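The values are calculated or read from the model by the stated rules, or taken from the named source; none is laboratory data. The model shown is predicted, which means the values in this text are computed figures rather than measured ones. Using ideal geometry, Cβ is built from the backbone for each residue, glycine included, and neighbour counts are taken over all protein chains shown. When the accessible area is computed, the model is the full protein with side chains, heavy atoms only, and any ligands, DNA or RNA have been set aside. Shrake-Rupley method; radii C 1.70, N 1.55, O 1.52, S 1.80 Å.
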Amino acid sequence: MAGSRTYRTKAIVLDKTKLKETDLILTLVGESGRQIRAVAKGARKPGSRLAARCELCCEVDVLFAHGRNLDIVSQADLIASPLGAQPSYELLTAASAVAEVAETCTYEDAEDPFVYAITRAVLAHLAAAGADTPVEGPAHLDLLVAAYIFKLLSHVGYRPDYSACVACGDPSPGYFSAQAGGLLCASCASGVPGCEPVDANMVRWLEGLVSMRFSELAIAPIDSHTAAHVLGLAHLWAATHLECRLRALEFLLGR
């Protein structure tokens, strides 16, 4: 209702920052895809009901009150906690990287429901991959995070071109360049800094990250080395086009 002092929406917690002695500043992506920054008063008090409902990557149904600078969390009901009460180290680092990219790609004055939907989907698949395949899980966690990055950035306008060399059209490119926008042949790559050599198998994986569903990628056979290489290329792509340092993603690569 126009002029209402409160509003309710589903949202996913992307980040939280300590404020004063007992409060938290939450960064969330709402169901509309708009980024919301709000104060959860008393969330750090012992026994606070808000504490468990405002953990990283939790999906919550939140009642907000409009504030002067930041909105206020008036009520929060937990919908889903994909990471669980005690997430593994691998799952937590992967989810943190997803949350960081989502936060970077959302804005307080812009709506994009796709961001909420894809973030919710990848968190569910990350949780399943971490729980159901403890041995091969880390490789699939890397693959899912890489797919999330390429899918989301493709949606917001940074879609890589894998059809041919982006500079000269050579049908047999052998290098990946975030700066150039996709694949390059050896001749064109010699004049572009930061190119990474890729073989035909890696090109197929890069194509699959955008075209395949998370459910398909979660069961696709892949080794840890290849998954880590794919994640490294995803980090290169995101850091170049988002023009920022992605610390959680760097941490995930260096674990």
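Neighbours of Ala65 by Cβ distance under 13 Å: Lys/Arg scored +1, Asp/Glu scored -1, total +3. By the Cβ rule of 4.7 Å, the chain holds the following cysteines without a possible disulfide partner: Cys54, Cys57, Cys58, Cys105, Cys168, Cys188, Cys195, Cys244. Taking amide H as placed 1.01 Å from N in the peptide plane, the amide H of Asp112 sits under 5 Å from that of Gly33, Arg34, each at least 5 places away or on another chain. Once the Cα-Cα distance is subtracted from the 0.36 nm per residue extended length, the Asp199 to Asp161 segment shows a gain of 12.1 nm. Measuring only protein heavy atoms, the 1.4 Å probe finds Thr17 accessible over about 70 Å². A straight Cα-to-Cα reach below 21 Å connects Lys20 with the lysines Lys41, Lys45, residues fewer than 8 places away in its own chain not being considered.
Surface exposure of the chain, expressed per residue as accessible area with a 1.4 Å probe, stands at 49 Å².
Accessible surface of Glu103, taken over heavy atoms with a 1.4 Å probe and every protein chain present, rounds to 60 Å². The apolar share of the surface of the chain, taken as the fraction of accessible area on carbon and sulfur atoms (1.4 Å probe, ligands and nucleic acids excluded), comes to 51 percent. Placing dummy labels 7 Å off each Cα toward the beta-carbon, the span from Cys168 to Tyr7 is 5.3 nm. Hey, with R₀ at 41 Å, roughly what FRET efficiency would Gln179 and Asp223 work out to, going by the Cβ-Cβ distance, to 0.05? After rounding, the FRET efficiency stands at 0.90. Taking all protein chains together, Tyr107, Tyr158 sort by accessible area into Tyr107, Tyr158, largest first [probe 1.4 Å]. Per-residue SASA remark: Glu21, around 150 Å² accessible (1.4 Å probe; ligands, DNA and RNA not included).
Per-residue 3J(HN,Hα) values for region 182-192, derived from phi via the Karplus relation 6.51 cos²θ - 1.76 cosθ + 1.60 with θ = phi - 60°, read x, 9, 10, 7, 4, 5, 6, 5, 5, x, 10 Hz in sequence order (x marks Gly and Pro).
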